[in-house]
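Down below is the structure, laid out as structure tokens.
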Amino acid sequence: MKNTITIQEQHYKELKNHLIQDDGKERAAFIICGRSLVNGNEERLLTREVHVLSEKDLLSSERYQVSWNNNHFIKILEKAESKNFAVVIIHNHPENLNHFSSVDDNGEYHLFKLTFNRNGGNGSHGSLIMMSDGSLIGRVWKPDLSNEPISKIRIIGESFKLNYPERTSSFISPEVFNRQQLAFGSSLVQDLSKLKITIVGAGATGSSTALLLTRLGIGELCLIDKDTIEESNLNRLHGATMKDVGKYKVDVLQKYIKEIGLGTKISVEKRWVSDKECIDQLKTSDLIFGCTDDHAGRILLNRFAYFYLTPVIDMGLVISVKEGSCELQNLQGRISYLFPGSDCLVTKGNIDMDIAYAENLKRNEPENYKKLKEEAYVIGEGNPSPAVVTFTTQIATMAVNELINRIQGYNMQALNAPHKIFFFHRGMEIHPENVSNNECRICGMKNYWGRGDMNPFLDMVL
């Protein structure tokens, strides 16, 4: 079982500003976290609230020790108890001691004994140490008061940062990635090798995205798509041949990626993204690429990004021609980087709720869908949309470069633009700003940010 934590970037900045100060003293703060659990695989903590301990809240603050009145801690436990949230204690080590000291061991043992005695539950709680450079190490405490190391710490916001125990400047890149290392350094190669990415949709943009990520050295990929290959797909489906018509898209793509031989682990799900097995894949992913035109699936991924602090890079391409001719009317691509702090796809108008309703109805109640379609109460299937491989591949390349920039930061200015729209036929690119006074329940309010597991899932009826 892996133990990980995902920290919202705004929370990380608040913690760093509080803990790392020039006087070289230890300080402390408490974090309330949502939970994400996939039994036998991963327990993930998701930051929701930060509560710093000010000078007046501390009993002592010295170079090797910090202490406080437990009344402050009990108030945090009371707040976390109502929704079975986790509590994380964080303090700094001014001397950059990169492990938990005997003082830490003793103090935390008694604090978490109090936590489990008071709040109960089977979920873990955690503790973190921040070094003077802002790097982090952590561990979780179990109900039996044993502790286990946190194997991965994610910091997500406009940028995407990783902390993990083996991360080191002395990492030697495999020879196959040497040219990539010359551009961006060995740390990017190492970080990419630690990522699990799920791609929802294995069609034109999805197959392009999967192959690009494989050749970048992504550690693990999961491909989700229930569709089989049709002959009309072959003009834009990477890795497929005429012999593959009728086979599942994900099976063909999985076989092709394995044959490349770069070491990327790959799994597939031939199901709807709302099925439990697919949701477990999403919950154990570091990042998700949305490569589907399915509006119902987009709704799920849109909510997931905020509930589970898992960034989603969603992409789309529209090609249209004037009726009765081959005269180009629109050639437009879009990339959206979804995280707490950016507008969501609903706010930006990229999801059609009527189409999503029709898709869900067709999937779950096919007979009712057929009846309502005949009565014109739902939107039916129209003519197939135009598709050109060069543009589907181009938008996938731009989406993967978005990931690289969020990790490496080669274009810092572009990090301020979560949504990017490209008008290829006009040579234009626009970056829509976030909506002011946003009242969207998902991206405008913070109630769902880091909420994690709850019933119903994502607070929605699937």
Among the candidates Ile266, Ile257, single out the residue that is part of a strand (DSSP E or B) and touching a Ser or Thr at 6+ places or on another chain (Cβ under 9 Å).
Ile266
The condition from (1) within 23 Å of Ile155 (Cβ to Cβ); (2) among the aliphatic types (A, V, I, L, M); (3) in contact (Cβ under 8 Å) with a residue 40 or more places away in the chain; (4) not in a helix (DSSP H, G or I) that Leu415 misses is numbered (4)
Take the residues in the stretch 220-244 that are buried (at least 17 other Cβ atoms within 10 Å of the Cβ) and of a type in the set (Gly, Ala, Ser); name whichever of them is farthest from Lys258 (Cα to Cα).
Ala240
All but one of (1) outside any helix (DSSP H, G or I); (2) in contact with a Gly (Cβ under 8 Å, 6 or more places away or on another chain); (3) among the hydroxyl-bearing types (Ser, Thr, Tyr) hold for Ser207; state the number of the condition that does not hold.
(1)
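For every residue, the table says whether it meets (1) surrounded by 21 or more Cβ atoms within 10 Å (Cβ to Cβ); (2) among the hydroxyl-bearing types (Ser, Thr, Tyr); (3) at pLDDT 90 or above; (4) out of contact with any strand residue (DSSP E or B) (no Cβ under 8 Å at 6 or more places or on another chain).
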{"site": "Ile288", "(1), (2), (3), (4)": "yes, no, yes, no"}
{"site": "Tyr308", "(1), (2), (3), (4)": "yes, yes, yes, no"}
{"site": "Gln332", "(1), (2), (3), (4)": "no, no, yes, no"}
{"site": "Pro340", "(1), (2), (3), (4)": "yes, no, yes, no"}
{"site": "Gly349", "(1), (2), (3), (4)": "no, no, yes, yes"}
May I ask you to verify whether Arg236 is under 23 Å from Gly333 (Cα atoms), basic (Lys, Arg) and touching a residue at least 40 places away in the same chain (Cβ under 8 Å)?
yes
Test: Val140 is modelled with pLDDT under 95 and not in a loop (DSSP other than H, G, I, E, B):
no
With respect to Leu262, determine if the residue is exposed (fewer than 15 other Cβ atoms within 10 Å of the Cβ), assigned by TED's automatic domain parsing to the domain that holds Gly219 and touching a Phe, Trp or Tyr at 6+ places or on another chain (Cβ under 9 Å).
yes
Answer yes or no as to whether Leu97 is assigned to a loop (DSSP other than H, G, I, E, B), within 13 Å of Glu26 (Cβ to Cβ) and hydrophobic (A, V, I, L, M, F, W, C).
yes
Keeping to the stretch 154-174, report how many residues are aliphatic (A, V, I, L, M) and within 23 Å of Cys443 (Cα to Cα).
2
Of all strands (runs of 3 or more DSSP E) fully inside the stretch 18-65, the set with 1 or more residues that are within 17 Å of the chain's Cα centre (by Cα) is 28-38, 42-52
Return yes when Val50 is of a type outside the set (Lys, Arg), touching an Asp or Glu at 6+ places or on another chain (Cβ under 6 Å), at pLDDT below 95 and surrounded by 15 or more Cβ atoms within 10 Å (Cβ to Cβ) and no when it is not.
no
Give the stretch 161-180 a look and list any residue that's in a strand (DSSP E or B) and either assigned by TED's automatic domain parsing to the domain that holds Gly261 or out of contact with any strand residue (DSSP E or B) (no Cβ under 9 Å at 6 or more places or on another chain) (or both), or say none.
none
Can you give me the number of residues within the stretch 82-107 that are closer than 30 Å to Asn447 by Cα and modelled with pLDDT under 95?
3
Of the conditions (1) outside the structural domain of Val50 (by TED's automatic domain parsing); (2) touching a strand residue (DSSP E or B) at 6+ places or on another chain (Cβ under 7 Å); (3) buried (at least 23 other Cβ atoms within 10 Å of the Cβ); (4) under 25 Å from Leu37 (Cα atoms), Gly126 fails just one. Which one is it?
(1)
Residues to consider are Ile129, Ile153; find the one that is closer than 28 Å to Asn411 by Cβ and aliphatic (A, V, I, L, M).
Ile153
Of the residues Leu37, Leu15, Leu53, Leu59, which is out of contact with any Lys or Arg (no Cβ under 6 Å at 6 or more places or on another chain) and under 19 Å from Lys283 (Cα atoms)?
Leu37
Checklist (1) in contact with a strand residue (DSSP E or B) (Cβ under 8 Å, 6 or more places away or on another chain); (2) crowded, with 23+ Cβ neighbours inside 10 Å applied to Arg303, failing item
(1)
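The values are calculated or read from the model by the stated rules, or taken from the named source; none is laboratory data. Source: prediction; values computed, not measured. So basically every Cβ, Gly included, is an ideal-geometry build from the backbone, and we count neighbours across all protein chains shown.
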